[in-house]
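Report on one structure; see the data block that follows.
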Amino acid sequence: MSNWAERLATGMLVVALAGGMIGPINAESARGGAATAKPSPKMGLGREALPAEIAAWDTDVRPDGRGLPAGRGTVKQGEALFGERCASCHGEFGQGAGRLSALAGGRGSLKADRPDKTIGSFWPDLSTVYDYIKRTMPYGNARSLTDDETYALVAFLLHLNDIVKDEDFELSDKNFTSIKMPNANAFFPDDRETSEKKFWNSNPCMHNCRGIPKVTSKANSLDVTPAAKPGPKAD
């Protein structure tokens, strides 16, 4: 290395990514002769989250009721809330507005070619309803609902799906797990490690294999790829 290049390397400032610090490189390290500094175990940025901050985001609810906050809400309270904050997207009776998802109906349709997978026809656990509404709804104003408002909306959705018949029904953390969803028994744990184990083989059969398929056309030439222009406006 020339004297000029050596002096240039000595005076250069670089960002040491491992340590997050800026410092000079000497000629020896520039030539790769010296070992790089050990990375710092911590970046030194921010602080540990406070318990109250963690609790504000730790809102998941499990099927057994774990994570449910204390609270209550009636079908009638939920009906008023639904009309005010939810019906514009999901319809007055949960039937869906335009292309937006339906929340009610669809019983007995799961074996059809185009099943209606609503809360009453498909969802196995009521905890999913509470958890999803509390974290993500209303659209555009997520996490704005109180715990009591969420209980009320879930109670109304149960009534819309004929899971709860009584219009005066009140849902709370005390009776939440007593609600049985219609499609709960159609779900079961993934048992492939036992039910399909007999098909596993370290030496799979490779006889009479199909040949390599030939690509005859592409999706964009079949007019199935969405165009760049916006689609029709939903009602």
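Net charge of the neighbourhood of Gly67, taken over other residues with C-beta under 13 Å away and scored Lys/Arg +1, Asp/Glu -1, is -3. Could you please report the charge total around Asn183, scoring K, R as +1 and D, E as -1 over all other residues with beta-carbon less than 11 angstrom from its beta-carbon? My count for the surroundings of Asn183 gives +2.
Rank these by accessible area, largest first, 1.4 Å probe: Trp200, Trp57, Trp123. Numbers along the way, then the final one.
Details: Trp200 140, Trp57 185, Trp123 65 Å².
Largest accessible area first, the list is Trp57, Trp200, Trp123.
Scanning residues 5 or more positions from Arg72 or on other chains, those with amide H under 5 Å from its amide H are Asp148, with H placed 1.01 Å from N in the peptide plane. In a DSSP loop and with at most 13 other Cβ atoms within 10 Å, the GluC sites (Glu not before Pro) in the stretch 43-101 are Glu48, Glu92.
In this structure, the residue pairs whose Cα-Cα separation is over 26 Å, taken from Lys117/Lys165; Lys134/Lys165; Lys117/Lys218; Lys117/Lys180, are Lys117/Lys218. Accessible surface for Asp148 stands near 80 Å², nearest 10, in the context of the full protein assembly shown (1.4 Å probe). Taking a ≥ b ≥ c as the square roots of the eigenvalues of the alpha carbon gyration tensor, the stretch 67-126 is oblate, as a/c is not under 1.5 and a/b does not beat b/c. A probe of 1.4 angstrom, applied to the heavy atoms of all protein chains, finds Ile119 with accessible area near 10 square angstrom.
Compute the Cα gyration tensor for the stretch 138-228, then decide on rounded, prolate or oblate, letting a ≥ b ≥ c be the square roots of its eigenvalues: rounded whenever a/c is under 1.5, prolate when a/b is larger than b/c in the other cases, and oblate in all that remain. Could the numbers behind the result be given before it?
Working: a/c = 3.67, a/b = 1.73, b/c = 2.13.
It comes out oblate by the Cα gyration axes.
Ranked by solvent-accessible area (1.4 Å probe, protein heavy atoms only, all chains present), the residues Phe188, Phe82 order from largest to smallest as Phe188, Phe82. Comparing Leu126, Thr59, Asn141 along the charge dipole axis of the stretch 54-158, the residue lying farthest to the positive side is Leu126, per the Cβ-charge model.
The values are calculated or read from the model by the stated rules, or taken from the named source; none is laboratory data. Here the structure is a predicted model, which means the values were calculated and not measured. With ideal geometry, Cβ positions are generated from the backbone for all residues, glycine too; neighbour counts draw on all protein chains shown. For accessibility, only protein heavy atoms count, side chains too; no ligands or nucleic acids. Shrake-Rupley method; radii C 1.70, N 1.55, O 1.52, S 1.80 Å.
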